[in-house]
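Engineer: Sharing a structure with you now.
The values are calculated or read from the model by the stated rules, or taken from the named source; none is laboratory data. Just so it is clear, the model here is predicted, and its values are computed rather than measured. Glycine also receives a Cβ, built like all others from the backbone with ideal geometry; neighbour counts cover every protein chain displayed.
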Amino acid sequence: MLTENLNASAGIDPGSHSSKIACSDSNGEKIIDTLKNFNLIELREAAEIFFDEPVFSCVVALPSGYTNRQRDDIIFLGRKAGFKNLNVISSNEAINLVLETSSSSLVYDFGASRSEIKIFEAGKILADEIISDVSGNEFDKIFAAWLSERFNLNLIAPQVLLEHAEKIKITLSSEPSVSWRGVEIFREDFERLIFFMIKRALHTVERMAKIFRPQNFIITGGCAGIPTVKKIFCEKFNFEFIEGLIAKGAALEARRLSKDNKPHERQEAAAKIRELRAKIIALEDFLTRPQKDRLYFLFRQAEGINDPNIIILMENLVREMQEARDEL
């Protein structure tokens, strides 16, 4: 029988194009894998390969736009993936866990779907500005249009061409050139196309920096790894590039949750919750959406505060639902 190690924990950032998973241990927080899709089973497997042991604690950091129903769906999927100690926090909370709260910081999250600039100070967000037209997706569109025009690719479906553009973009972040369709494409070609978009984003950063005068400048997100992005922002404001900032913050919170002063009581409660989860899955086709929402809300409470009264309440509810199903 496998022994639970409550210190083996992981943090996840479900990005719009890929999901990053980070771990937190005595050596700090680090990205251990990046997956194309948000699949909690695969993400858990990646963490277990890293730790070489089962992982039961996980924190998922979600963008502020997620609804309560979407959050509950992730809790449900996490339970099915085998995470026993699972929590959901906002991406802002995850970032704040990594920052020095004694100083103010400008954080530029340069992602695939949008750019978001935030000012943090003393654990609070003073300002938040989104630049929706400067993002990895917009880079892909411009690059795809250039590829189509240069190589006369009108017969290629637009979505397929976008996928090719994204792959070439990623390769050019680490290589000076890439061979595609028998032609050499250079990093300078791509950088020339996106230069003015980056400069436009830099103007927004300059304006916010002038107003709030932050002490630290941090850039993260998938597009932050593009060499010309790092070069332009680091030269102007001495930005610090932190790969997977949100995932690392989630990993920090997961490590905190995994530390338990009463491991025996925790494991006993986890065993009861595991048993209840199996019963709920068996009832899944019978349960209504409100019933599922209530049960998984109780799950989060039970694991968060380790209250045996909540587990008893859950046991009673499940028993009532089983009896109602059997009467049909």
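Engineer: In the range 23-71, how many are among the hydrophobic types (A, V, I, L, M, F, W, C), under 16 Å from N85 (Cα atoms) and not in a loop (DSSP other than H, G, I, E, B)?
Structural biologist: 9
Engineer: If you don't mind, another one. Taking the range 205-222 as the search range and keeping residues that are out of contact with any strand residue (DSSP E or B) (no Cβ under 8 Å at 6 or more places or on another chain) and in a helix (DSSP H, G or I), which one is nearest to S103 (Cα to Cα)?
Structural biologist: My answer is K210.
Engineer: Can you find a residue that is surrounded by 22 or more Cβ atoms within 10 Å (Cβ to Cβ), aromatic (F, W, Y), out of contact with any Cys (no Cβ under 8 Å at 6 or more places or on another chain) and touching a residue at least 12 places away in the same chain (Cβ under 8 Å) anywhere in the range 116-128?
Structural biologist: Checked the range 116-128: at least one residue is surrounded by 22 or more Cβ atoms within 10 Å (Cβ to Cβ), aromatic (F, W, Y), out of contact with any Cys (no Cβ under 8 Å at 6 or more places or on another chain) and touching a residue at least 12 places away in the same chain (Cβ under 8 Å).
Engineer: In addition: Mind checking which strands (runs of 3 or more DSSP E) fall wholly inside the range 91-204 and carry at least 3 residues that are charged (D, E, K, R)?
Structural biologist: 115-121, 124-131
Engineer: Just to verify a result, which residue in the range 24-50, among those that are among the hydroxyl-bearing types (S, T, Y) and buried (at least 16 other Cβ atoms within 10 Å of the Cβ), is modelled with the highest pLDDT?
Structural biologist: Filtering first and then ranking leaves T34.
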